[in-house]
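Scroll down for the structure; my scribbles are underneath it.
The values are calculated or read from the model by the stated rules, or taken from the named source; none is laboratory data. As the structure is a prediction and not an experimental result, all values here were calculated from the model. Here the Cβ positions follow ideal geometry from the backbone for every residue, glycine too, while neighbour counts run over all protein chains shown. Accessible surface areas use protein heavy atoms only, side chains included; no ligands, DNA or RNA. Shrake-Rupley method; radii C 1.70, N 1.55, O 1.52, S 1.80 Å.
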Amino acid sequence: MDKISIIKPDDWHVHLRDKDALKTTVPAAMRCFERCIIMPNLLPPVTSADSIKKYRDSILSYKPSDSTWTPLMVMYLTDQTSKKCIKAAYDQGLIFGCKYYPAGATTNSATGVSNPNRLNGVFGVMQELGIILQIHGEVTESSVDIFDREKVFIDRHLTKIKHNFPELKIVLEHVTTKQGVDFVRDSDGYIAATITPQHLLFNRNDMLAGGIRPHLFCLPILKRDLHQNALIKAATSGEKKFFLGTDSAPHARENKENICGCAGCFSHHAAIELYAEAFERAGALHQLEQFASVNGAEFYGLEKNSELISLLRDPWQVPNQIDYRNSSLVPLAAGTTLNWRLEI
Ligand code: DOR
Ligand code: ZN
């Protein structure tokens, strides 16, 4: 097979950053996706209707006027988020979800949620209005091993939230463990999960064996191969609860190759090609469309896109770096050969 055509995909989880970063990230997001859920972890974070509007406008100022590409905005939850604040954003049609970062879990999450119990009122309103809760599912206690943080979050917090708010729609973002996959699969239809290309293509050996590769460091951190295999199985199974969310997260090279390097992998230079690679390796290219273009739209209650995109079997080499801000970034799979190329 030399060419495959699929319904145009959407990315249900991406970081575009702000200001001059948008020069790189908006065109990259438009490359193969029609709609993108834009994560709100800026500095300061996007916590109100007003800041969402401002951020959306600055993103849209980088979009050519003839493009139908659409950013779908999200509100960042803090301990102070009020029901009124959520309602105001919802009434203006501004939000496609609210993001729950445990305080300190990842990039720009210092003002995230320190105690989920404080958000019971907010979760109640979200459940009532049908607003999706997008969760970074990791505990932050230093006593918990970094490789166990997703599992412990599920046991301590997610189980409770699901029990207390049975009809709250939840996305367990960038699921990375077999326990996470099993939890989502075994629960009811109110929970789903996104899966990134890096967690399908790599495991912790790729990051750590024979030397540290900081450009593979992201959060939640890459796990051992049994977890990678559970993710591959979930993504390629056709199950409706698993869908595409790249978590593409640009960081300038010097901030990753650093004594204390940032977490995040940039994948929007080749997002659909990277997923195609993983699906082909699993012998499941025929399931790519379901995962990339159908399941997410259904969970978010949106129509599938009407356009198609095509991928050609035409091996090409991923660049070693890409211009970013007044520096550069090293994209996911830099310097390697990918078998599939987006037909432009
Ligand atoms: O690796 C990550 N990078 N994980 C996140 O949760 C945030 C992201 C970022 O914003 O850089
Ligand atoms: Zn993210």
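Things worth noting here:
- Simple spin-label estimate for residue 43 and residue 336 gives 3.0 nm between the two label positions (7 Å along the Cα-to-Cβ direction from each Cα).
- Segment 157-219 shape via C-alpha gyration tensor axes, a/c threshold 1.5: prolate
- Note that segment 1-106 presents 40 Å² accessible area per residue, ligands and nucleic acids not counted, probe 1.4 Å.
- On a per residue basis, segment 255-344 carries 45 Å² of accessible surface, using protein heavy atoms and a 1.4 Å probe.
- Rounded if a/c under 1.5, otherwise prolate or oblate - the chain, Cα gyration tensor axes: rounded
- Heavy-atom surface analysis with a 1.4 Å probe gives segment 152-192 a carbon and sulfur content of 51 percent of its accessible area.
- Segment 14-148: C-alpha gyration tensor shape, a/c 1.5 cut-off, then a/b vs b/c: oblate
- Helical runs assigned H by DSSP (4 residues or longer) give the chain a calculated mean residue ellipticity at 222 nm of -8000 deg cm²/dmol, each run adding -39500 (n - 2.57) before division by the residue total.
- Put a dot 7 Å past the Cα of residue 304, heading toward its Cβ, do the same for residue 91, and the two dots end up 3.7 nm apart.
- Annotation: per residue accessible area for segment 154-252 equals 37 Å², rounded to a whole number [probe 1.4 Å, protein chains only].
- Within the accessible surface of segment 52-95, defined with a 1.4 Å probe on protein heavy atoms only, the carbon and sulfur portion equals 49 percent.
- The magnitude of the dipole of the chain, with charges of +1 and -1 set on the Cβ of Lys/Arg and Asp/Glu and taken from the Cα centre, is near 460 debye.
- Other residues within the sphere of radius under 12 Å centred on the Cβ of residue 74, judged by their own Cβ, net out at +1 (K and R +1, D and E -1).
- Over all other residues within a Cβ to Cβ distance under 15 Å of residue 341, the charged ones net out to -3, with Lys and Arg as +1 and Asp and Glu as -1.
- Theoretical FRET efficiency, 1/(1+(r/R0)^6), r = Cβ-Cβ of residue 142 and residue 118, R0 25 Å, to 0.05: 0.70
- Proximal charge balance of residue 142 [Cβ under 14 Å; K/R count +1, D/E count -1]: -3
- Protection proxy ranking of 219-232, 320-333, 270-283, by the mean of other Cβ atoms within 10 Å over each peptide's residues and highest first, is 270-283, 219-232, 320-333.
- In the chain, taking the dipole from charged Cβ atoms about the Cα centre, the farthest positive-side position among 90, 327, 37 is held by 90.
- Loop GluC sites (Glu not before Pro), segment 130-215, which have at most 14 other Cβ atoms in a 10 Å radius of their Cβ (DSSP): 141, 167
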